[in-house]
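K.L.:
Attaching a single structure in structure tokens format; questions to follow.
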Amino acid sequence: MAIAQPAFAQFIAPGAAEHRQASALAANIRPSTSQGFCGKSSPAIGLTSMCCGAIAAIASKPTARHAAAVKKKGVKVVEGIEIPWNIFSPKAPYKAKCRSNVTLTTKTSLVNWQSTHVVIDTEGKYPYAEGQSAGVISPGPDKNGKSPAKLRLYSIASSACGDDETNKTVSLCVKRVIEVAGKGWCDYSNVEPGTDPEYPDAEKVYRGVCSSHICDLKPGDECLITGPTGAEMLLPTDPKANIIMLATGTGIAPFRSFLRKLFHDKATKGQFQGVAWLFLGVPFSGSILYDDEWAEMKKQFPAQFRYDYAISDETKRPNGQSMYVQHRMQEYIDDMWPLIQDENTHIYMCGLKGMASGMEEAIGPSCEKEGIVAKDFLKAMKKSGRYHVEVY
Ligand code: FAD
Ligand code: NAP
């Protein structure tokens, strides 16, 4: 069965009808029904002349992200485009191999300071779309003593063509979950007291089962993966759409997948015509993820890409409280608000559950000025398929 290669399925340049058709055929997908462009010139970041739409327009726009029922095994149709869907089940996972595993962060005072970037070799047998997640089954035992452990989901951090652009790998960005008594919250223990290599004196240590398995993978090690799955965080099909991304910690993963497609990969770079603005929230400077990649993209696409960090333990707000992504975003609200109102703008949020209410906080004052209730505004945005939230 041929599966859609999403690298070809999205961001097809306007007017390139032949390319669209050929790509669709090459990928054996049904092209989506025409998704008319907004016809307005794409805004440059920082310009308040960004095209904007009224809330009425947002509310009246039909629901864009309507996932249809699964028709073929291993495929789901979303907005007329087939995307790979649960090709590998927990009962029959794909036996992949770790290609590389690199720690992205530097040690901080937090026990769970480590996040790694893992590239998994799939030999081209695991197609996926940007914004989807992969399941990982670790050998276990899990917290209930079961082996193998129940699968855990991880947002895919590579674009569909993979980090080496050969369609043969999938990358994950994984935080090593550790809990140590006396160093923050630790209710459970799965390490024999006195035997933990890092915390031998701790009364209790809990090491996340799947995250430890992934963070410990060495090149050549087997890694069982399921999926791909998830349709909430897909990129818009319109190359002129604007994208605002809010991430906390490893919630950066789907955005790395987006941004590599837009600003890095040879096959797709240069096709995107909108604006992409990334906000990343982490506790310390040493916890920032993929900084060099963002810097390079910014260098190459200064008018289209912008990124800002909220470093909670190092930067305080005027009221003395921690700086979170929503507060950083609020600092730029004069530029952001017209962009957010633009009916061609999508907002994506990924990471900690707690950040979901932050968006309301960020746009609250702007909504109030216009007599709009922030909650209703976001509801309308969600209904029109422009507000994408995946938090855990
Ligand atoms: P577990 O071993 O499952 O432990 C998790 C928690 O359970 C710990 O806090 C532990 O104290 C507690 N616990 C232990 N024993 C018990 C018990 N007996 N009873 C109750 N609780 C207990 N994470 C990332 O790092 N990167 C990603 O890109 C990412 N993407 C995600 C995408 C989605 C859609 C979702 C839903 C989650 C994502 N996650 C991601 C989180 C990831 O799926 C895992 O939840 C995380 O790695 C922890 O899994 P673990 O097996 O290591 O931890
Ligand atoms: P982290 O490195 O701890 O960073 C999280 C940052 O967000 C910290 O700076 C933290 O500040 C801040 N923060 C805390 N509460 C916040 C709030 N209410 N609003 C905004 N920011 C807030 O992150 P992490 O440990 O990697 O955690 C990422 C989480 O995302 C994990 O729970 C992971 O499971 C989940 N995740 C989900 C998905 C998904 O659903 N697709 C994908 C990837 C990751 P403080 O220093 O004050 O705590």
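K.L.:
Is it the case, given these coordinates, that Ala149 is hydrophobic (A, V, I, L, M, F, W, C), farther than 26 Å from Pro236 by Cα and either not in a strand (DSSP E or B) or not assigned by TED's automatic domain parsing to the domain that holds Gly182 (or both)?
P.N.:
Yes: the conditions hold for Ala149.
K.L.:
Does at least one position in segment 254-262 carry a residue that is within 23 Å of Val209 (Cα to Cα) and either surrounded by fewer than 24 Cβ atoms within 10 Å (Cβ to Cβ) or near ligand 1 (Cβ under 10 Å from one of its atoms) (or both)?
P.N.:
Yes, segment 254-262 contains a residue that is within 23 Å of Val209 (Cα to Cα) and either surrounded by fewer than 24 Cβ atoms within 10 Å (Cβ to Cβ) or near ligand 1 (Cβ under 10 Å from one of its atoms) (or both).
K.L.:
Right, here's the next one. Criterion first (of a type in the set (Val, Ile, Thr), at pLDDT 95 or above and not assigned by TED's automatic domain parsing to the domain that holds Pro219) does Val75 satisfy it?
P.N.:
yes
K.L.:
List the pairs whose first member sits in segment 240-263 and is at positive phi, whose second member is part of a helix (DSSP H, G or I) and within 8 Å of ligand 2 (Cβ to nearest atom), and whose Cβ atoms are under 8 Å apart, counting only residues at least 6 apart or on separate chains?
P.N.:
Gly249/Ser287
K.L.:
Then there is this: What single numbered condition from (1) away from ligand 1 (no atom under 16 Å from the Cβ); (2) buried (at least 20 other Cβ atoms within 10 Å of the Cβ); (3) under 20 Å from the mean Cα position of the chain (by Cα) fails to hold for Gln341?
P.N.:
Going through (1) away from ligand 1 (no atom under 16 Å from the Cβ); (2) buried (at least 20 other Cβ atoms within 10 Å of the Cβ); (3) under 20 Å from the mean Cα position of the chain (by Cα) one by one, Gln341 breaks only (3).
K.L.:
Evaluate the following for Ala181: is it more than 27 Å from Pro93 (Cβ to Cβ) and within 15 Å of ligand 1 (Cβ to nearest atom)?
P.N.:
yes
K.L.:
Here is a list: Ser211, Ser189, Ser159. Which entry is in a loop (DSSP other than H, G, I, E, B), out of contact with any Cys (no Cβ under 9 Å at 6 or more places or on another chain) and buried (at least 19 other Cβ atoms within 10 Å of the Cβ)?
P.N.:
Within the list Ser211, Ser189, Ser159, the selection yields Ser159.
K.L.:
In this structure, does Arg386 turn out to be surrounded by 22 or more Cβ atoms within 10 Å (Cβ to Cβ) and either of a type in the set (A, V, I, L, M, F, W, C) or away from ligand 1 (no atom under 16 Å from the Cβ) (or both)?
P.N.:
yes
K.L.:
Do you know which of the residues in segment 264-295 that are free of Cβ contacts under 8 Å to residues at least 24 places away in the same chain and among the acidic types (Asp, Glu) is nearest to Met233 (Cα to Cα)?
P.N.:
It comes out as Asp291.
K.L.:
Follow-up question, since we're still on this one. From the set of residues in segment 350-374 that are among the charged types (D, E, K, R) and exposed (fewer than 13 other Cβ atoms within 10 Å of the Cβ), which is nearest to ligand 1 (Cβ to nearest atom)?
P.N.:
The selected residue is Lys353.
K.L.:
A further question on this structure: Restricting attention to helices (runs of 4 or more DSSP H) lying wholly within segment 312-392, give those where 2 or more residues are outside the structural domain of Phe255 (by TED's automatic domain parsing), away from ligand 2 (no atom under 12 Å from the Cβ) and not small (Gly, Ala, Ser).
P.N.:
Where helices (runs of 4 or more DSSP H) fall fully within segment 312-392, none carries at least 2 residues being outside the structural domain of Phe255 (by TED's automatic domain parsing), away from ligand 2 (no atom under 12 Å from the Cβ) and not small (Gly, Ala, Ser).
K.L.:
Next question, about the same structure. When segment 162-179 is examined, which residues are found to be closer than 18 Å to Tyr128 by Cα and not in a strand (DSSP E or B)?
P.N.:
Matches in segment 162-179: Gly162, Asp163, Asp164, Glu165, Thr166, Asn167, Lys168.
K.L.:
Quickly run through segment 97-120 and pick out the residues that are basic (Lys, Arg) and more than 22 Å from Ala181 (Cα to Cα).
P.N.:
Lys97, Arg99
The values are calculated or read from the model by the stated rules, or taken from the named source; none is laboratory data. Remember, it's a predicted structure, so these values are computed and weren't measured experimentally. Note that we place each Cβ from the backbone using ideal geometry, even for glycine, and neighbour counts take in every protein chain shown.
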